[in-house]
Each structure stands twice: as C-alpha cells, then as structure tokens.
Amino acid sequence: MNNLQNVKVVNVTPPAAIVDNASFSTTTIDTFGFNKLAVYFSLGATDIAMTALKLQESDDSGMSGAADITGAVYGASGAPALPSATDDNKVFGFFVDLKGRKRYIDVVATAGDGSAGTFGACTAQLYNPLTTEDNATQRGLAANLIVG
C-alpha cells in the first residue's frame, strides 16, 4: 500500500457563500486513531483581514471547554500574522503532532467586517494511523482512484 493512501480527509469547512464579520461554520475533527494532523485553510477573494485563525482542542466532540492550542494561533506573539485583505487565493497551514493532545480539534476562522467579506474553505488530513485505512469511506472520501 502506498503511504499516501494511509490518510483520512475531513472537510472542515466546505466551499460556501462569502462570510463577512462572522465565523465560518466548521466540522470538529475527531483525531482518534491517528498521530499527526495537517489542516489547510484556503482563502478565495477577500477584502478584509481575518480576525481569528486558530486551532482549539477539547475532550468533548461538542467542543465544550475548548482551549486554544499553544502554537496554533495565527497573529499570536511569534506566530505568522493573520491572513490580510491582500491574501487572496493563499493557503494557511497547521501541522500538529497529536501526541498528548485532546481527542477533538476544531478550527476557529473568523472573517473581518469588510464591504464584501471572505471566501474560505478548510480541509484536514489525519496521518500516521494506528490501523490501515483500506477504503474510500475510511479515508473520509466519497470515492477514490488508486493509480500505479
């Protein structure tokens, strides 16, 4: 099996309508059975800086008592700046070692108050599973093609 097949994809924020002065709707990431996580937030057209882009963790799937993950907050001291009004079509990433982390992780992405707002989408990829992901459903996909 190709190591690239040993991954699970989570559609955290599917492409949708533009967001202005509000948070993007997200799906919580259940990290059970995986050791590594990559999260990609993709911007489309935007006319305003984002006011939040970070990861939070919780022991509860509903994210009760969620807390920011240290080192996973854009705009924090020592971290890269939050996406700005000129970051159209750029991708911002998080790479997390899940050792010692809480089971559930969510993305907090908030668009600033612009004249139009921000298009954004977010996906996550879970890596280094404890068991092999054998089919599209286990990989979080509707379908997959394996070439080679």
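Of note:
- Scan of region 60-96 for residues that are of a type in the set (D, E, K, R) and open to solvent by 80 Å² or more (accessible area, probe 1.4 Å), ordered by number: 90
- Region 78-118 - residue that is of a type in the set (D, E, K, R) and in a loop (DSSP other than H, G, I, E, B) and, of those, farthest from residue 53 (Cα to Cα): 99
- Which numbered condition residue 100 misses (of (1) open to solvent by 20 Å² or more (accessible area, probe 1.4 Å); (2) of a type in the set (Gly, Ala, Ser); (3) closer than 20 Å to residue 16 by Cα): (3)
- Checked against (1) open to solvent by 40 Å² or more (accessible area, probe 1.4 Å); (2) part of a strand (DSSP E or B); (3) under 19 Å from residue 140 (Cα atoms), residue 45 meets all criteria but (3).
- Residue match in region 30-38 (condition: part of a loop (DSSP other than H, G, I, E, B) and either touching a helix residue (DSSP H, G or I) at 6+ places or on another chain (Cβ under 9 Å) or at positive phi (or both)): yes
- Matching residues, region 105-117, being buried (at least 16 other Cβ atoms within 10 Å of the Cβ) and either in contact with a Pro (Cβ under 8 Å, 6 or more places away or on another chain) or charged (D, E, K, R) (or both): 106
- Any hit, region 19-29, residues being open to solvent by less than 50 Å² (accessible area, probe 1.4 Å) and of a type in the set (Ser, Thr, Tyr): yes
The values are calculated or read from the model by the stated rules, or taken from the named source; none is laboratory data. From a predicted model like this one, the values you see are computed outputs, not experimental measurements. Positions of Cβ are generated from backbone atoms using ideal geometry, with glycine treated the same way; all protein chains shown enter the neighbour counts. What goes into the accessible areas is simple: the full protein's heavy atoms, side chains included, and nothing from ligands, DNA or RNA. Shrake-Rupley method; radii C 1.70, N 1.55, O 1.52, S 1.80 Å.
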